[in-house]
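Novice: Starting off with a structure, shown below.
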Amino acid sequence: MLLSLILLQAMSPHDVSGIWWTRSGNAQVEIVLTEDGTSIEGTVIWSDQTEDPGASDEVESADLSGEDLAGTVILEDHERGRQGWTSGTIYNLKNGKSYRSNVSRQDADTLAVEGCLGFFCRTQEWKRVTPDEIKRQAIAPSVLSVASE
């Protein structure tokens, strides 16, 4: 009985902390519970993304590509919901826009990350980064100033 409760808790849709590969596999995002425990925050710790020629002027002017993306917060302001984290925002690294977002744990190594624009939503699966795959880049000072604005 106790083992069942431990396993059930370990698979909670709210337990999303860790380092995850984005769907495209060109970035690693570290998701942590905020200090007050009421939300989650996801920060890029590594990316090999190159500048997208179709990106918005905002992204191009910030020059957020490759190493410069390290330190960029892309998941924030989520609320604890019945099936995971809801009503937050996700920042799209490719187009520089933010969308309404929901995040939940699917299994031990998979997250469902949903981005919504109005009633239209798209869900991506993010896979857990194994310890030998973890990559970290130094946070560029320009990203810190862009992210705080």
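Novice: Filter segment 107-121 down to residues that are more than 15 Å from the chain's Cα centre (by Cα) and part of a strand (DSSP E or B), then give me how many there are.
Specialist: Counting residues in segment 107-121 that are more than 15 Å from the chain's Cα centre (by Cα) and part of a strand (DSSP E or B) gives 4.
Novice: In segment 73-105, how many residues are among the polar types (S, T, N, Q), assigned to a strand (DSSP E or B) and more than 18 Å from T43 (Cβ to Cβ)?
Specialist: 4
Novice: Can you spot a residue in segment 37-54 that is modelled with pLDDT of 55 or more, surrounded by fewer than 15 Cβ atoms within 10 Å (Cβ to Cβ) and within 18 Å of S101 (Cβ to Cβ)?
Specialist: Within segment 37-54 (the criterion being modelled with pLDDT of 55 or more, surrounded by fewer than 15 Cβ atoms within 10 Å (Cβ to Cβ) and within 18 Å of S101 (Cβ to Cβ)), the answer is yes, since at least one residue qualifies.
Novice: Scanning segment 114-132 for residues that are touching a residue at least 24 places away in the same chain (Cβ under 8 Å) and not charged (D, E, K, R), which turns out surrounded by the most Cβ atoms within 10 Å (Cβ to Cβ)?
Specialist: W126
Novice: Which one of these does V32 not meet: (1) crowded, with 19+ Cβ neighbours inside 10 Å; (2) β-branched (V, I, T); (3) at pLDDT 95 or above?
Specialist: The one condition V32 does not meet is (1).
Novice: Then there is this: Within the set of pairs 6 or more residues apart or between chains, which connect a residue that is under 20 Å from E35 (Cβ atoms) inside segment 73-86 to a residue that is among the aromatic types (F, W, Y) and assigned to a strand (DSSP E or B) with Cβ atoms less than 8 Å apart?
Specialist: Cβ pairs passing all conditions: V73/Y91; I74/Y91; L75/Y91; H78/W85; E79/W85.
Novice: Report whether or not D15 is assigned to a loop (DSSP other than H, G, I, E, B), over 22 Å from R122 (Cα atoms) and at pLDDT 80 or above.
Specialist: The answer is no for D15.
The values are calculated or read from the model by the stated rules, or taken from the named source; none is laboratory data. These numbers come from a predicted model, not from an experiment. So basically every Cβ, Gly included, is an ideal-geometry build from the backbone, and we count neighbours across all protein chains shown.
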